[in-house]
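Since the structure comes first, as structure tokens, the remarks are kept for the end.
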Amino acid sequence: MAEPTPNNEAMVLTDQLYVLEQKIGDLALSFGLITRKLLSKLNRLQRSNEKIGLKKSPGELVYYNQLLSLEQKSILLEAYRELNISDLGKRIQRIQAHYNISETTTKKQKDTFHILSQTPVQLIVSQNQLTAYIRIPPNTPSVSISDVLNLLQQHGIVYGVRPVESIESFLKKPSQIFLIAQGKPDISQPKINYMLGQKDTEIARVKKGLLLAQIVENSSDTEQGISIYGTPIEQQRNTKEPIKYGYGVKLSKEGTKAYAAIDGYPKLSIDGTLYVFSVTNIIGDTDKEIGEIDTHSKITVSGTITDEYLIRGGDVSAGEVRGADIDILGDLKVETGIINALIKTQGNVYAKFIHSSTIEAFGDVIVEQEIVNSTITVGGKCKIIKGKALSSIISAKKGIYAFCIGTEKSLPCELRIGVQDHIEAVCENIDNDIFNTTETFENRCIQLKWLVIEQLIAYKNAAKTEYMLNELKKKQQDQASNMNSTELLIDKYRFQLIGLEKKFQQFEHKKATIEQKQQTLVANLNLRHQQVIQDIHLLQEQKQAMIDWAKKQQAMPLLEVKSIIKASTRIDGLKATITLNRDYKNVRIVESQTNISDPNSREIKILKAKT
């Protein structure tokens, strides 16, 4: 047999090192030590490699693409060499299970959930068979839409399944848990009656103690329910539907009536939360002397709202808005113009002109003169009564109405009619909040896992050092009692003991430090665990309320221009797009369905406006 050459030995060592590095990457994935952001990077790397036909294992990609720091690689290498990986894996799994933020019960229904599938996607179904959720655990490779649909088919879930587009949107950026199917409850559900008038769900100023809402029985709603499996559900009785309330509102002891807790103006938000706002009057401008306005108030500013501070409240009215950041629940009414501002509102916006601003509104944007170099996204309509829209992007679910659009020198406008860009952006923001809330908590869990691994390594090293120390002490004692031992040999053992004792103390100090960090982190996780679950649940409820509200708003893919709309203006509808090749005057532009049997067959038509 031929003697191994240095080159062959080097190749063998290289192969062994390569396998070891892959195992370290695999350990990081199997223990859930990679954050969501880095997992997204891993998925992108996998897709890039697949496109060019390069096959690399996930563990290899983790190790060689800076998904682990040098310190983390060193920790995992030492864990692999020194610890029982199976036992370590079980400890890590216990941490994962203990701090899992997939809800096992819902606060609203108090219903138990059962996990029917674990990998690669968790399928969670309520005991009452009315809801099904999916969850993609951390460290899961990319999941396709066909994987999800096959999973639902395997478990017989056929009713109330979310649209493919919604599922695909979730898979692109998975949040912690996703409602995949919703059955139809069979409940004679009590209703909430709001005593807020018939117009815009609000009335004039109310006095403290006035009844604003109450739960009433509704015996007419007796339609039989259907489970997510498509089977009938026996009728149940739900005696309480909670009234959602915020500042300025109090509930009766039974929770069936809501009263004004203060004098003020009532407001019902898009997600169904009832408020009563007091009144804040500011003479002059909002500046450093006024400070930040973050009140539960109807705010009136006689001067200019400036960029000094964020404005929050109910309805807001002002002489002018310049460079401000406004986020409110009610209407914004401005006597003159809005300039360089960021506006978010659940109501309407009224102004003479809008320049260089971004506005997102659930209601309408009504402008008297002009919109210039701005981005307007609304759930209602956008109307420019006398003037022009120039160099702007305007999206309005209920249509756009303008006197004139564009000039020879201005950049072309981009107009989107009948679409729900606004609510989609709102839902995306909520998804981001869910993702960030989930990621922050999961990253702390990952920190705890690393501390557990470091702790076990420190315990193992301390135990080994203590054993060596005791063995060396025995040898020193034996040499000390041996008359033939030299002073030099005894000194040698003495110096070795000093070194081992110092090393042992270092390991003991490291153990104590890790344990202290661990205790602090565990206390924080225990404190936040249920709160995070509740936060995610509230965000999901808020998102669903937005979607339900949007469904009730009829889309109007319509653009009306009384004077001239310039060439190069782009108009997008729900499915169709057109860029004007010439100027038009006094036109009515609509998107319509061309084939009754095919809802996707749509075109944009340019019609003469009715006079």
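Output the qualifying pairs, or none if there are none: Cβ atoms under 9 angstrom, residues six or more apart or on different chains, first residue in region 247-269 and in contact (Cβ under 8 Å) with a residue 60 or more places away in the chain and of a type in the set (S, T, N, Q), second residue part of a strand (DSSP E or B) and surrounded by 16 or more Cβ atoms within 10 Å (Cβ to Cβ).
Cβ pairs passing all conditions: SER269/TYR275.
Per-residue answers, yes or no, for (1) β-branched (Val, Ile, Thr); (2) at pLDDT 90 or above; (3) closer than 30 Å to LYS409 by Cα:
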site: LYS503; (1), (2), (3): no, no, no
site: HIS509; (1), (2), (3): no, no, no
site: SER568; (1), (2), (3): no, yes, yes
site: GLU603; (1), (2), (3): no, no, yes
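All but one of (1) in a helix (DSSP H, G or I); (2) without any contact (Cβ under 8 Å) to a residue 40 or more places away in the chain; (3) of a type in the set (Lys, Arg) hold for LYS409, so report the exception by its number.
Against the list (1) in a helix (DSSP H, G or I); (2) without any contact (Cβ under 8 Å) to a residue 40 or more places away in the chain; (3) of a type in the set (Lys, Arg), LYS409 comes up short only on (1).
Which of the following residues is among the aliphatic types (A, V, I, L, M), within 17 Å of ASP421 (Cα to Cα) and in contact with an Asp or Glu (Cβ under 7 Å, 6 or more places away or on another chain): ILE393, ILE385, ILE359? Break it down into steps so the answer makes sense when it comes.
Details: ILE385 fails: within 17 Å of ASP421 (Cα to Cα); ILE359 fails: in contact with an Asp or Glu (Cβ under 7 Å, 6 or more places away or on another chain).
When all the criteria are applied, what remains is ILE393.
Scan region 369-412 residue by residue and report those that are of a type in the set (Phe, Trp, Tyr) and open to solvent by 70 Å² or more (accessible area, probe 1.4 Å).
Of region 369-412, the ones of a type in the set (Phe, Trp, Tyr) are 401, 403.
Within region 369-412, PHE403 is the sole residue that qualifies.
Which residues, counting only those in region 26-61, are surrounded by 13 or more Cβ atoms within 10 Å (Cβ to Cβ) and β-branched (Val, Ile, Thr)?
Residues satisfying the conditions are ILE34, THR35.
Assess whether LYS610 counts as being in contact with a strand residue (DSSP E or B) (Cβ under 9 Å, 6 or more places away or on another chain) and at pLDDT 80 or above.
Working: in contact with a strand residue (DSSP E or B) (Cβ under 9 Å, 6 or more places away or on another chain): yes; at pLDDT 80 or above: no.
The answer is no for LYS610.
So for region 442-457 (the condition being on the phi > 0 side of the Ramachandran plot and open to solvent by less than 10 Å² (accessible area, probe 1.4 Å)), does at least one residue qualify? Please lay out each step first, then the result.
Residues of region 442-457 that are on the phi > 0 side of the Ramachandran plot, as a first pass: none.
No, region 442-457 contains no residue that is on the phi > 0 side of the Ramachandran plot and open to solvent by less than 10 Å² (accessible area, probe 1.4 Å).
Taking region 12-34, which residues are at pLDDT 85 or above and either hydroxyl-bearing (Ser, Thr, Tyr) or in contact with a Cys (Cβ under 7 Å, 6 or more places away or on another chain) (or both)?
Hit for region 12-34 is SER30, nothing else.
Out of the strands (runs of 3 or more DSSP E) lying entirely within region 492-580, which hold 1 or more residues that are open to solvent by 40 Å² or more (accessible area, probe 1.4 Å) and of a type in the set (A, V, I, L, M)? Please lay out each step first, then the result.
Working: elements: 558-565, 570-572, 577-579.
Strands (runs of 3 or more DSSP E) meeting the threshold: 558-565, 577-579.
Given the residues ILE359, ILE354, which is the only one that is part of a strand (DSSP E or B) and over 30 Å from GLY248 (Cα atoms)? Even if it seems obvious, please write down each step before you answer.
Details: ILE359 fails: over 30 Å from GLY248 (Cα atoms).
Exactly one of ILE359, ILE354 is part of a strand (DSSP E or B) and over 30 Å from GLY248 (Cα atoms), namely ILE354.
Quick check: anything in region 170-179 closer than 23 Å to GLY313 by Cβ, hydrophobic (A, V, I, L, M, F, W, C), open to solvent by less than 40 Å² (accessible area, probe 1.4 Å) and modelled with pLDDT under 80? Break it down into steps so the answer makes sense when it comes.
Just the residues of region 170-179 that are closer than 23 Å to GLY313 by Cβ, to begin with: none.
No, region 170-179 has no match at all.
Take region 309-362 and flag every residue that is aromatic (Phe, Trp, Tyr), open to solvent by 30 Å² or more (accessible area, probe 1.4 Å) and farther than 19 Å from LEU390 by Cβ. Steps first, answer last, please.
At the first step, the residues of region 309-362 found to be aromatic (Phe, Trp, Tyr) are 309, 350, 353, 362.
So of that shortlist, the ones also open to solvent by 30 Å² or more (accessible area, probe 1.4 Å) come out as 309, 350, 353.
Correct list: TYR309, TYR350.
Go through region 581-593 and count every residue that is outside any strand (DSSP E or B) and either in contact with a Pro (Cβ under 9 Å, 6 or more places away or on another chain) or open to solvent by 80 Å² or more (accessible area, probe 1.4 Å) (or both).
Of region 581-593, the ones outside any strand (DSSP E or B) are 581-583.
Retained after the next criterion (residues that are either in contact with a Pro (Cβ under 9 Å, 6 or more places away or on another chain) or open to solvent by 80 Å² or more (accessible area, probe 1.4 Å) (or both)): 581-582.
The total comes to 2.
The values are calculated or read from the model by the stated rules, or taken from the named source; none is laboratory data. Since this is a predicted model, take the numbers as computed values, not measurements. With ideal geometry, Cβ positions are generated from the backbone for all residues, glycine too; neighbour counts draw on all protein chains shown. With ligands, DNA and RNA removed, areas are computed over all heavy atoms of the protein, side chains included. Shrake-Rupley method; radii C 1.70, N 1.55, O 1.52, S 1.80 Å.
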